[in-house]
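Visitor: One structure, pasted below without further comment.
The values are calculated or read from the model by the stated rules, or taken from the named source; none is laboratory data. Since this is a predicted model, take the numbers as computed values, not measurements. Cβ placement follows ideal geometry from the backbone for every residue including glycine, while neighbour counts extend to all protein chains displayed.
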Amino acid sequence: MQLEQIQALLQAFDNSQAVSLVWQEGEQKLSLKKAPAFAQSVAVPMAPPAPIAPAVLAAPAAPATEQPQQPAQPVGETINAPLVGTFYAASAPGKPVFAAVGDTVKKGQTVCLIEAMKMMSEVPAPFDCVIEEVLIADGELAAFGAPLFRITRL
């Protein structure tokens with residue numbers, strides 16, 4: 001590769017969105033990498049800070065005796081989400097649910113699916129039990145450890 005070709009390649013690489021380039025011809029090899037965008041410092045003129053408006057007094061706070069409404073925790077034993085992900089009650093839309101209210105499930109039987117990063121994970125029943133209540137809607141995001149089902153152990 002001639003110097004002019006290298007300079008043209010460097011110019012094209014610099015103007016492109018690519019962050020790395022490896023060119024090889026025979027025993028000649030050229031590797032190029034750009035520094036991450038956050039590492040490049042560019043002087044940007046800053047606007048003067050905006051004046052701070054005086055605080056507006058709000059209505060008096062509620063009496064200390066009132067507590068904010070907390071979501072009700074299910075009473076009894078629950079099957080909880082083993083990971084963060086989307087809750088699915090059935091294997092596919094239109095298919096029967098794995099476990100409905102009133103169903104008796106055996107230890108190890110799949111009660112739902114949790115999808116995380118395009119991977120489906122089966123959630124098994126930890127022991128023989130009856131499903132008393134489904135605590136999350138199909139397609140909702142389940143937090144780690146969030147109760148999914150209220151159950152009664154058999």
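Visitor: Kindly evaluate Ala72 against the criterion of being within 30 Å of Phe149 (Cα to Cα), modelled with pLDDT under 80 and within 29 Å of the chain's Cα centre (by Cα).
Guide: yes
Visitor: Identify, please: which residue in region 9-45 is at pLDDT below 70 and polar (S, T, N, Q) and is, among those, surrounded by the most Cβ atoms within 10 Å (Cβ to Cβ)?
Guide: Within region 9-45, the match that is surrounded by the most Cβ atoms within 10 Å (Cβ to Cβ) is Gln40.
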